[in-house]
Amino acid sequence: MGWTMRLATATLILSLTMMVTTDEEENDRCVYEALTDTDAVICKGLEVFYPELGNIGCMFVPDCNNYRLKITHWPAPTVKFPRALEDATYILVMVDPDAPSRSNPQAQFWRHWLVTDIKGIDLKKGKILGRELSAYQPPKPPSQTGFHRYQFFVYLQGGKSISLLPEENRTRASWKMDRFLNRYDLNEPEASTQFMTENYQDSPNFQAPGGRSSEPKERPKQN
């Protein structure tokens with residue numbers, strides 16, 4: 001084998017080694033971190049699936065593969081309650097209690113999704129086919145506001161007819177969720193969960209246009 005061929009072979013091997021190393025480093029960064037015990041208290045029997053991520057219930061959205069950017073564009077997740085009663089009817093609520101930030105939640109609760117009249121047989125399979133009072137709005141936490149909790153609750157609807165008041169329909173911010181629940185005698189949720197994420201531009205591993213990671217920043221403190 002001539003020296004030219006040896007050089008070409010060595011170059012190819014080096015390139016392949018670098019590609020494998022880069023992939024391994026990327027995978028090492030993709031860590032699914034569970035919520036703290038305090039935040040995990042509401043994780044009870046509900047599963048929330050997003051594309052690529054799988055079930056993200058009771059987890060932080062991983063800081064890799066631009067997931068914290070992608071989740072701001074993905075359609076509504078698959079929400080599944082395996083223990084739902086097939087002949088019952090349910091209400092699904094998704095809110096952000098940390099608007100605009102967890103340390104200053106002046107706009108609590110931000111209503112991201114509200115669906116009523118969901119049949120239990122569908123909810124068991126992750127099919128949200130009820131009456132949508134508030135269309136799904138993806139999580140988009142503002143920059144420099146730390147991690148936000150995105151909470152999902154499932155309530156037993158019974159035979160009640162559910163609606164939003166005109167003033168509730170004017171805005172999603174500062175929704176008085178407790179008043180809504182009291183109005184329809186909706187007590188404890190049948191199932192619930194939450195995940196947490198922060199603005200993608202605040203993530204050290206955010207891949208900016210051009211393929212380069214943004215400069216590492218100090219993570220905001222969680223209160």
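For region 64-78, a residue qualifies if it is farther than 20 Å from L114 by Cβ and touching a strand residue (DSSP E or B) at 6+ places or on another chain (Cβ under 9 Å), and the qualifying residues are N65, N66, Y67, R68, L69, K70. Out of the residues in region 43-63 that are touching a strand residue (DSSP E or B) at 6+ places or on another chain (Cβ under 7 Å) and in a loop (DSSP other than H, G, I, E, B), which is farthest from E198 (Cα to Cα)? Going through the qualifying residues, I end up with L46. For region 125-142, filtering for residues that are of a type outside the set (D, E, K, R), open to solvent by 40 Å² or more (accessible area, probe 1.4 Å) and touching an Asp or Glu at 6+ places or on another chain (Cβ under 6 Å) leaves 1. One residue stands out in region 145-197 among those that are within 24 Å of K44 (Cβ to Cβ) and of a type in the set (D, E): the one that is most open to solvent (accessible area, probe 1.4 Å), namely E188. Go through region 198-223 and count every residue that is open to solvent by less than 30 Å² (accessible area, probe 1.4 Å), of a type in the set (S, T, N, Q) and modelled with pLDDT of 50 or more. So the count comes out to 2.
Quick grid of which residues meet (1) over 21 Å from Y50 (Cβ atoms); (2) of a type outside the set (S, T, Y):
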residue	(1), (2)
L85	yes, yes
T89	yes, no
L92	no, yes
D117	yes, yes
K124	no, yes
K160	yes, yes
E167	yes, yes
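For region 132-178, the set of residues classified as of a type in the set (V, I, T) and either closer than 19 Å to T197 by Cβ or not in a strand (DSSP E or B) (or both) consists of T145, I162, T171, listed by residue number. All conditions in (1) out of contact with any helix residue (DSSP H, G or I) (no Cβ under 9 Å at 6 or more places or on another chain); (2) buried (at least 20 other Cβ atoms within 10 Å of the Cβ); (3) over 18 Å from D202 (Cα atoms) hold for R83, with the sole exception of (2).
Of the residues making up region 64-83, those that are farther than 19 Å from Q194 by Cβ and not in a helix (DSSP H, G or I) number 5.
The values are calculated or read from the model by the stated rules, or taken from the named source; none is laboratory data. All of these numbers come straight from a predicted model, not from anything done at the bench. Virtual Cβ from ideal backbone geometry, glycine too; neighbours counted across all protein chains shown. The area values use the complete protein model at the heavy-atom level, side chains included, leaving out ligands, DNA and RNA. Shrake-Rupley method; radii C 1.70, N 1.55, O 1.52, S 1.80 Å.
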